[in-house]
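The values are calculated or read from the model by the stated rules, or taken from the named source; none is laboratory data. Quick caveat, the model's predicted, so the values are computed rather than measured. Ideal geometry is used to build each Cβ from the backbone, glycine not excepted, and the neighbour counts take in all protein chains shown. For the accessible areas, the whole protein counts, side chains as well, though only heavy atoms, and no ligand, DNA or RNA atoms are used. Shrake-Rupley method; radii C 1.70, N 1.55, O 1.52, S 1.80 Å.
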Amino acid sequence: MAALPYKDPTEDLSRFFQLYDSLQREAASLSADRQSLYEARDDHTRLAHELRKTKTAMAINKDYIKEQKDRIELVSTHWFYGSTIYQPQLWFRGGCTGKIERAKVKLAKAEEDRPKLEQIEASLHRREMAANELVRGREAAYGRASDAAKEAKQMKEELVLKHPSNHLNHLEQHEAALRRDIAEENHRKVQLDKIGSVLKDASGCCVSVESLTRSAEKKMRDADHLAKQVVTLSLPDSGSTTTRSLNGGGKEVIKTGSLRHGGSFRDYRKYDAEGNVVLTNRPCPNGCGYVLTWNASYCCTVCCNKQGRRHGGKCERVRVSSQSGAQELWSHLENQREEQARKVEKMRREASSDMDDANRQLQSGSDFLRQAAANLSGSSGGPMPGFSNHGCCTGTPVSCCSVSAQASQLRLQADQLQSNVKNQESVLFQLRREYDRERRRLDQELKQTRSQIVDEKNRIFDALRASAMQQHVNGSHYDPPPATAPHTPPVATATVISVLPEDCVSALCLERKSDSIGLLGMVLVHAMHWNNALSTPMANIDKIPMRAYLLYLMTSMQCPLVW
């Protein structure tokens with residue numbers, strides 16, 4: 001901002017307002033300058049685009065001319081391309097001579113277009129440079145108007161700052177208080193958002209508890225089902241098979257091979273003449289120590305029903321040790337039992353781990369809910385209803401029954417926790433609605449306060465302008481109060497006149513509204529004669545405001561001017 005031509009605005013307000021009005025007049029064209037600048041930029045952009053298109057067309061034309069010249073040169077001199085006999089595509093098109101003639105026609109057309117393109121390019125270049133200069137000029141004008149507007153605004157702010165009113169101070173204090181309230185509300189909004197995130201985490205923990213307990217129950221059921229399954233001997237399909245016939249129509253089938261876990265096996269089966277199995281070396285899967293004979297799955301039916309604790313009368317009770325290779329098959333069957341037991345144990349451990357995770361998730365959800373409830377209590381000014389501490393089920397599940405019972409208990413606690421979360425979410429929803437209402441109220445009040453501050457600053461500024469104009473009329477820098485000001489009506493002389501701005505006119509009218517002819521006070525009396533000011537008073541009467549013309553009439557009639 002340029003330095004003001006006075007030391008203190010209170011010393012010479014007239015000079016201040018002269019400078020201010022000159023800046024305002026310069027800034028009055030800001031909107032028009034902005035619009036003209038936009039139009040100039042659009043025009044410059046359009047011309048630059050057309051110039052680029054023209055230059056591209058000229059480059060294409062230049063390349064095309066070179067291409068046709070090269071083609072004529074190539075067909076005229078090359079041994080292959082200049083011979084028609086080697087180019088069947090030219091046999092019915094005039095040969096190489098016809099090709100050269102067509103190229104010459106194209107070349108002449110391109111060379112004819114070249115000067116037109118150059119002329120268009122030169123014209124566009126000149127117009128583009130002129131548009132660029134216009135843009136620079138309008139940018140400078142817009143910058144001057146913008147600087148003038150900023151300087152005038154700063155001058156006005158500084159003047160009002162030096163002459164504040166009690167009402168303005170009160171409004172500014174109220175504005176500062178509203179800003180503090182809005183900052184507090186913004187902080188409250190952040191806290192409410194954090195509470196919402198915590199409640200969302202608590203709800204997610206409840207969902208995880210449900211999922212983990214269901215998974216633990218399923219894994220435990222699968223483990224118990226697998227544990228109840230009887231392990232049957234499974235031998236590899238690979239191996240060699242030997243068949244030997246027996247007297248009486250029977251046969252023996254012997255299969256040998258390698259076991260999956262190492263070692264070899266010998267599977268022996270003896271069939272009678274009817275094809276029924278009568279003896280094997282496979283051990284009974286119930287682990288009773290007998291081998292399979294007539295029964296394809298167990299040593300006897302009673303052993304199958306009693307899980308090896310008892311045997312029936314038809315059981316042949318052939319010991320494993322009496323059959324060749326039975327011990328190897330017994331070891332293989334034990335390995336399969338151990339593998340099944342490991343699977344069952346793994347599934348139960350996974351179920352137990354899921355239950356532990358469900359316990360932790362429930363505890364985490366309870367902690368989240370406590371944290372949210374404490375924050376909500378701080379936000380609302382009191383404890384939140386519907387909240388209680390939730391304990392977690394502890395212990396390691398060891399059977400399907402215990403896992404099922406604990407899972408049901410955990411789900412019940414998770415449902416209670418979810419219910420409390422929903423209650424806190426409803427409270428949070430109400431707090432957010434209160435925040436929205438309060439924030440809208442504060443924003444509206446801040447907007448109104450700012451408007452009142454602007455109006456009060458304008459009122460102070462107008463009052464200072466009116467005081468400056470009145471001081472200028474009275475010829476003194478001191479403006480006595482209306483109650484103590486002398487009321488001696490001066491006599492109008494034949495001295496004349498300089499017209500005040502319209503806003504000063506309005507201010508002075510308000511100041512002198514009780515006077516009989518106060519409208520005539522809108523002119524300033526200078527030390528010059530009326531006849532010297534206007535040699536032909538009526539010649540420029542259309543350019544003089546009505547108040548000045550009224551003064552002219554009264555001075556012509558030698559009427560006294562009374563304030």
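Listed here are the residues, each with its yes/no results for (1) touching an Asp or Glu at 6+ places or on another chain (Cβ under 7 Å); (2) of a type in the set (S, T, N, Q); (3) over 26 Å from V105 (Cβ atoms); (4) free of Cβ contacts under 8 Å to residues at least 12 places away in the same chain.
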residue	(1), (2), (3), (4)
Q24	no, yes, yes, no
S36	no, yes, yes, no
L47	yes, no, yes, no
N61	yes, yes, no, no
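Selection of the range 153-176 for residues being open to solvent by less than 70 Å² (accessible area, probe 1.4 Å), assigned to a helix (DSSP H, G or I) and under 15 Å from D462 (Cβ atoms) yields M155, K156, L159, V160, L168. Taken as a whole, the range 132-139 holds at least one residue that is assigned to a helix (DSSP H, G or I), out of contact with any helix residue (DSSP H, G or I) (no Cβ under 8 Å at 6 or more places or on another chain) and open to solvent by 60 Å² or more (accessible area, probe 1.4 Å).
Tell me, please, whether a residue that is more than 22 Å from Q340 (Cα to Cα), in a loop (DSSP other than H, G, I, E, B), at pLDDT 75 or above and of a type in the set (G, A, S) can be found in the range 295-315. Yes: one or more hits. Beta carbons closer than 7 Å, at least 6 apart along the sequence or on distinct chains, pair a first residue in the range 427-442 that is under 14 Å from N186 (Cβ atoms) with a second that is of a type in the set (D, E) for Y435/E185; E438/E185; R439/E185; L442/D181; L442/E185. Which condition number does V427 fail, the rest of (1) β-branched (V, I, T); (2) surrounded by 12 or more Cβ atoms within 10 Å (Cβ to Cβ); (3) modelled with pLDDT of 90 or more being met? If we test V427 against (1) β-branched (V, I, T); (2) surrounded by 12 or more Cβ atoms within 10 Å (Cβ to Cβ); (3) modelled with pLDDT of 90 or more, just (3) comes out false. Of all residues in the range 177-213, those being open to solvent by 40 Å² or more (accessible area, probe 1.4 Å), under 30 Å from K457 (Cα atoms) and of a type in the set (A, V, I, L, M, F, W, C) number 1.
The condition (being modelled with pLDDT of 75 or more and either open to solvent by less than 50 Å² (accessible area, probe 1.4 Å) or out of contact with any Lys or Arg (no Cβ under 7 Å at 6 or more places or on another chain) (or both)) is satisfied by just one residue among K251, K218: K218.
All conditions but one from (1) modelled with pLDDT of 90 or more; (2) touching an Asp or Glu at 6+ places or on another chain (Cβ under 9 Å); (3) loosely packed, with under 12 Cβ neighbours inside 10 Å apply to E438; the one that does not is (3). Close contacts from the range 200-214, counting a first residue that is touching a residue at least 24 places away in the same chain (Cβ under 8 Å) and farther than 19 Å from L428 by Cβ and a second that is open to solvent by 30 Å² or more (accessible area, probe 1.4 Å) and of a type outside the set (D, E, K, R), with Cβ to Cβ under 6 Å and a gap of 6+ residues or different chains, come to S208/Q361; V209/Q361.
The set of residues in the range 136-171 that are free of Cβ contacts under 8 Å to residues at least 24 places away in the same chain and among the aliphatic types (A, V, I, L, M) comprises A140, L161.
So is Y64 surrounded by 14 or more Cβ atoms within 10 Å (Cβ to Cβ) and part of a helix (DSSP H, G or I) or not? Talk me through it step by step, then tell me what you get.
Numbers: surrounded by 14 or more Cβ atoms within 10 Å (Cβ to Cβ): yes; part of a helix (DSSP H, G or I): yes.
Against the criterion (surrounded by 14 or more Cβ atoms within 10 Å (Cβ to Cβ) and part of a helix (DSSP H, G or I)), Y64 qualifies.
Go through the range 73-99 and give me each residue that's open to solvent by 30 Å² or more (accessible area, probe 1.4 Å) and either assigned to a helix (DSSP H, G or I) or of a type in the set (D, E) (or both). Residues satisfying the conditions are E73, L74, S76, T77, T84, I85, Y86, P88, Q89, T97, K99. Restricting E217, E184 to residues that are in a helix (DSSP H, G or I), of a type in the set (D, E) and more than 25 Å from the chain's Cα centre (by Cα) narrows the list to E217. Can you tell me which condition Y81 does not meet? The list is (1) at pLDDT 90 or above; (2) farther than 30 Å from G143 by Cβ, and all the others hold. The single condition Y81 does not satisfy is (1). Can you find a residue in the range 335-353 that is over 30 Å from A405 (Cα atoms), touching a Phe, Trp or Tyr at 6+ places or on another chain (Cβ under 7 Å) and surrounded by fewer than 20 Cβ atoms within 10 Å (Cβ to Cβ)? No, the range 335-353 contains no residue that is over 30 Å from A405 (Cα atoms), touching a Phe, Trp or Tyr at 6+ places or on another chain (Cβ under 7 Å) and surrounded by fewer than 20 Cβ atoms within 10 Å (Cβ to Cβ).
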